[in-house]
Amino acid sequence: MNDIHQNVDRLEKVISYKYNDRQLAVEALTHSSYANERKLNKIACNERLEYLGDAVLELVTSDYIFRNYPDMPEGKMSRLRADLVCEGSLSESAARIGLGELILLGVGEEHCGGRSKPSVTSDAFEAVIGSLYLDGGMDAAKKFIDEYVLDDVEKHSEASDPKSALQEFVQAKKLGIISYKVTDESGPEHAREYTVDVLINDKVYGTGKGRNKKTAEKNAAKAAVGRLRCI
């Protein structure tokens, strides 16, 4: 098991955490395919820790959204949380700490590209959260989640629907009326590019480009939100 203990060392270094019980880290990094091939006890893989980590992640994320977005309605809170903890987002977070290279995989899963599968890396990421929770309590788990999941919430809250984000911001601050204006169309008919300005009370706050008006409006709204948050 020298390799797995070296991997635990690498994990500890990357996330700046020293395990009291290193076996929890070993379990978090053990995929079910590895356990199955070596006929290990089913609970030796990371599925149970993934189950626990998922619950801890949802609680910490829900608490963060509730406290930091006091004017956000429940429906949008749920959508933002879902975006933050979805498989795609968690696999990106896993990639940031090189988690795919640290997982113990069975030969078959390895040959199928398991180290880069979002389903594998996102589950392992949640298992790490579970291991941190058991080893160091909520503080250890929350620190990890804050650093690798909640470090750029604004990107998620505005990327999917920047026009709604702008509308909510402007309404909350009572800044005025929003309007969008196409200021330029260029390129051949099959590859048109539109330029759109977003205005608040007839003052331009953002400009966006896109292959259609809808995309250009979204990019303009995103630019406007970024500008307004810096004022």
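I want to confirm something. Restricting to the stretch 93-113 and keeping residues that are assigned to a loop (DSSP other than H, G, I, E, B) and of a type in the set (A, V, I, L, M, F, W, C), which single residue is surrounded by the fewest Cβ atoms within 10 Å (Cβ to Cβ)? Looking at residues that are assigned to a loop (DSSP other than H, G, I, E, B) and of a type in the set (A, V, I, L, M, F, W, C), I get C112.
Kindly evaluate A124 against the criterion of being crowded, with 21+ Cβ neighbours inside 10 Å, in contact (Cβ under 8 Å) with a residue 24 or more places away in the chain and under 22 Å from Q6 (Cβ atoms). Considered against the rule, which asks whether it is crowded, with 21+ Cβ neighbours inside 10 Å, in contact (Cβ under 8 Å) with a residue 24 or more places away in the chain and under 22 Å from Q6 (Cβ atoms), A124 comes out as yes. In the stretch 72-88, the count of residues that are touching a helix residue (DSSP H, G or I) at 6+ places or on another chain (Cβ under 7 Å), of a type in the set (V, I, T), part of a helix (DSSP H, G or I) and surrounded by 13 or more Cβ atoms within 10 Å (Cβ to Cβ) is one or more. Residues in the stretch 60-86 that are modelled with pLDDT of 90 or more and among the charged types (D, E, K, R): D63, R67, E74, R81.
Somewhere in the stretch 180-200, is a residue loosely packed, with under 12 Cβ neighbours inside 10 Å and either in the same structural domain as V153 (by TED's automatic domain parsing) or within 26 Å of P73 (Cβ to Cβ) (or both)? The answer is no; no qualifying residue exists.
Figure legend. Inter-residue proximity from the stretch 210-231: first residues within 9 Å of P162 (Cβ to Cβ) and touching a residue at least 12 places away in the same chain (Cβ under 8 Å), second residues of a type in the set (S, T, N, Q) and outside any loop (DSSP other than H, G, I, E, B), beta-carbon distance below 6 Å, spacing 6+ or different chains. Indicated pairs: A220/T207.
Restricting attention to the stretch 136-143, does a residue exist that is in contact with a strand residue (DSSP E or B) (Cβ under 6 Å, 6 or more places away or on another chain), of a type in the set (K, R) and at pLDDT 95 or above? Within the stretch 136-143, none of the residues are in contact with a strand residue (DSSP E or B) (Cβ under 6 Å, 6 or more places away or on another chain), of a type in the set (K, R) and at pLDDT 95 or above. The set of residues in the stretch 76-127 that are closer than 15 Å to F144 by Cα and among the β-branched types (V, I, T) comprises V85, I97.
Using the structure shown, decide if K222 is of a type in the set (K, R), buried (at least 18 other Cβ atoms within 10 Å of the Cβ) and either outside the structural domain of R48 (by TED's automatic domain parsing) or at pLDDT 95 or above (or both). Walk me through it before giving the result.
Values: of a type in the set (K, R): yes; buried (at least 18 other Cβ atoms within 10 Å of the Cβ): yes; either outside the structural domain of R48 (by TED's automatic domain parsing) or at pLDDT 95 or above (or both): yes.
Spelling it out, K222 is indeed of a type in the set (K, R), buried (at least 18 other Cβ atoms within 10 Å of the Cβ) and either outside the structural domain of R48 (by TED's automatic domain parsing) or at pLDDT 95 or above (or both).
Evaluating L29 against the criteria (1) touching a strand residue (DSSP E or B) at 6+ places or on another chain (Cβ under 9 Å); (2) farther than 19 Å from F125 by Cβ; (3) touching a residue at least 40 places away in the same chain (Cβ under 8 Å) leaves one unmet condition, (2). Taken residue by residue, the stretch 30-47 has no member that is in contact with a Phe, Trp or Tyr (Cβ under 7 Å, 6 or more places away or on another chain), surrounded by fewer than 20 Cβ atoms within 10 Å (Cβ to Cβ) and of a type in the set (A, V, I, L, M, F, W, C).
The values are calculated or read from the model by the stated rules, or taken from the named source; none is laboratory data. Being a predicted model, the structure only gives us computed values, none of them experimental. A quick note on method: Cβ atoms are made from the backbone with ideal geometry, for glycine too, and the neighbour counts reach across all protein chains shown.
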